[in-house]
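Colleague: Sending over a structure as structure tokens; questions will come in a sec.
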Amino acid sequence: MEVVSDIASVRALRRHYGDATLGFVPTMGYLHEGHLELVRRARRENDRVAVSIFVNPTQFGPTEDLSRYPRDLERDLALLRGEGVDFVFAPGDGVIYPPDFQSSALVRGVTQPLEGARRPTHFEGVTTVVAKLFNIVRPTRAYFGQKDAQQVVVVRQMARDLNFDLDVIVCPTVREPDGLAMSSRNKYLEGDQRRAATVLNRALRAAERLWNEDTRDSEALRAAMRDTLAAEPLARVDYVSAADPQTLAEYEGAIPAGAGVLLSMAVFIGRTRLIDNFNLAGAAEQPGE
Ligand code: PAF
């Protein structure tokens with residue numbers, strides 16, 4: 001496995017691979033099973049596999065956790081060696097954002113609700129770095145986790161709008177045995193907080209039960225999530241949502257017959273902000289990814 005930190009070396013590797021298909025997994029490191037599942041799928045579906053490790057400063061707001069975001073490059077590299085990755089691109093901040101950097105990739109509509117409403121600069125940071133990584137690595141397929149449901153919608157929109165010549169592949173959320181979605185930020189949870197964090201999954205399951213009993217009242221789905229969250233004293237709700245999975249527009253009243261729903265939420269457990277979602281298919285669709 002090669003580990004490179006400059007753009008010229010990535011381009012040389014890509015040239016060397018010629019027509020081989022390249023699967024790409026962009027990450028911010030501190031890898032867990034969720035990332036490794038993306039890598040394994042990329043390994044199965046492509047001749048070559050590349051992973052990037054870059055904690056992207058532009059997607060963190062001024063009061064967010066950039067400085068304490070967990071990092072362990074050596075451990076990450078050891079895990080990736082075990083998965084048969086061909087190369088890792090681990091650039092420094094100055095490689096991605098040189099001093100005279102002045103551009104960005106901006107997606108409008110689908111970045112506005114949900115995470116975008118609470119973290120106004122977040123998605124511009126994500127799309128800018130992902131566009132740069134796509135241009136540097138030039139993958140055949142890029143792999144993202146459903147855990148970041150809105151990110152997936154936003155990246156797909158950008159890839160379509162800006163004609164990136166690649167497929168965006170979405171893989172299911174990987175969970176701990178007790179239902180907690182895997183996230184690098186779970187490391188922040190201390191003592192009772194780890195147990196309390198399972199309330200996100202329980203809230204989503206409460207709404208899913210209603211959905212499976214044919215409840216299509218979006219307010220009833222949101223109320224089921226809110227009620228479950230309210231029963232956990234360590235949880236502070238940022239938002240709960242029942243939205244159109246494609247447009248991310250919040251449903252009001254009855255969900256149209258046959259349509260699916262993206263149930264999602266952001267919840268503080270102590271100082272740690274966790275997100276999770278279920279993408280539930282309607283009768284007219286295939287099950288959500
Ligand atoms: O999902 C992430 O880890 C990040 O948002 C990504 C896609 C690597 C961009 O920094």
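Colleague: Let me understand segment 1-71 better: what is its radius of gyration from the alpha carbons, and its Dmax, in angstrom?
Modeller: So, for segment 1-71, Rg and Dmax equal 14.4, 44 Å respectively.
Colleague: When the chain is treated as a GNM, springs tying every alpha-carbon pair under 10 Å, which of Ile269, Ile53, Ile96 comes out with the largest mean-square fluctuation?
Modeller: Residue with maximal mean-square fluctuation among Ile269, Ile53, Ile96: Ile96.
Colleague: Identify which of Phe60, Phe278, Phe101 has the largest mean-square fluctuation in a Gaussian network model of the chain, with springs joining Cα atoms closer than 10 Å.
Modeller: Highest fluctuation among the options: Phe101.
Colleague: How long is the gain from Leu234 to Thr121 if the chain were fully straight, where each residue apart is worth 0.36 nm and the alpha carbon distance is subtracted?
Modeller: In short, 37.9 nm is gained.
Colleague: Which value in nm describes the separation of the simple spin-label points at Ser5 and Arg194, placed 7 Å from the Cα toward the beta carbon?
Modeller: Rounded to a tenth, the inter-label distance reads 3.3 nm.
Colleague: Now, a different point. Which residues in segment 19-45 place their backbone N less than 18 Å from a point set 7 Å from the Cα of Asp93 along the Cα-to-Cβ direction?
Modeller: Residues 28-30 fall inside that zone.
Colleague: Here's another thing I want to ask about it. Given the DSSP H assignment, sum -39500 (n - 2.57) over each helix run of at least 4 residues in the chain and divide by its residue total; what's the result at 222 nm in deg cm²/dmol, nearest 500?
Modeller: Numbers: 10 runs with 103 residues, N = 289.
Mean residue ellipticity at 222 nm (helix-derived): -10500 deg cm²/dmol.
Colleague: Oh, and also: So if I take the centroid of the Cα atoms in segment 200-233 and the same for segment 3-71, what is the distance between those two points in Å?
Modeller: Centre-to-centre (Cα) distance: 35 Å.
Colleague: Hand me the chymotrypsin sites (Phe, Trp or Tyr not before Pro) from segment 147-225 located in a DSSP loop with no more than 11 other Cβ atoms within 10 Å, in residue order please.
Modeller: Qualifying residues, ordered by number: none.
Colleague: Now a separate question. Can you work out the FRET efficiency for the pair Lys187 and Glu74, with r the C-beta to C-beta distance and R0 = 22 Å, to the nearest 0.05?
Modeller: 0.85
Colleague: Here is a follow-up. Suppose the chain between Thr215 and Arg160 were pulled fully straight at 0.36 nm per residue; how much longer would it get relative to their current alpha carbon spacing?
Modeller: 16.4 nm
Colleague: Can you pull out the GluC sites (Glu not before Pro) in segment 127-223 whose DSSP state is coil and whose Cβ has at most 16 other Cβ atoms within 10 Å?
Modeller: Those satisfying the criteria are Glu190, Glu213.
Colleague: Shape verdict for segment 143-289, please, from the Cα gyration tensor: rounded (a/c under 1.5), prolate (a/b greater than b/c) or oblate.
Modeller: Values: a/c = 2.02, a/b = 1.20, b/c = 1.69.
Note, shape of segment 143-289 comes out oblate.
Colleague: Just report the Cα centroid separation between segment 75-108 and segment 131-169, whole Å.
Modeller: 14
Colleague: Beta carbons within 10 angstrom, averaged per residue: use that to sort the peptides 2-14, 77-89, 125-137, highest first.
Modeller: Put in order of decreasing packing, that is 125-137, 77-89, 2-14.
Colleague: Would you kindly derive the ³J(HN,Hα) couplings of segment 76-90 from the backbone phi angles with the Karplus curve 6.51 cos²θ - 1.76 cosθ + 1.60 (θ = phi - 60°), listing them in order in whole Hz, with x for Gly and Pro?
Modeller: 4, 5, 4, 4, 6, 4, x, 9, x, 6, 7, 8, 10, 9, 10
Colleague: For the chain, what is the charge dipole size about the Cα centre, in debye to the nearest 20, if Lys and Arg each add +1 at the Cβ and Asp and Glu each add -1 at the Cβ?
Modeller: On the way: 35 positive and 40 negative charges, 92 e Å.
Using only the charged Cβ atoms, the result is roughly 440 debye.
Colleague: If you stretched the chain out fully between Arg15 and Thr63, how much longer would it get, using 0.36 nm times the residue separation minus the C-alpha to C-alpha distance?
Modeller: Contour length minus Cα-Cα distance gives 13.2 nm.
Colleague: To continue, here is another question. So how compact is the chain: Cα radius of gyration and Dmax in angstrom?
Modeller: 19.2, 57
Colleague: Amide H neighbours of Asp238 under 5 Å, counting only residues 5+ apart in sequence or on other chains, H built in-plane at 1.01 Å?
Modeller: Those qualifying (amide H under 5 Å, at least 5 residues apart or on another chain) are Ala266, Val267, Phe268.
Colleague: Residue by residue through segment 96-112, what is 3J(HN,Hα) from phi via Karplus (6.51 cos²θ - 1.76 cosθ + 1.60, θ = phi - 60°)? Round to whole Hz and write x for glycine and proline.
Modeller: Karplus values, whole Hz, x for Gly and Pro: 7, 10, x, x, 9, 5, 9, 10, 7, 9, 10, 9, 8, x, 6, 8, 7.
None of the figures in this text is laboratory data; all of them are computed from the coordinates on show. Worth saying up front: this structure is predicted, and the values here are computed from it rather than measured. Virtual Cβ from ideal backbone geometry, glycine too; neighbours counted across all protein chains shown.
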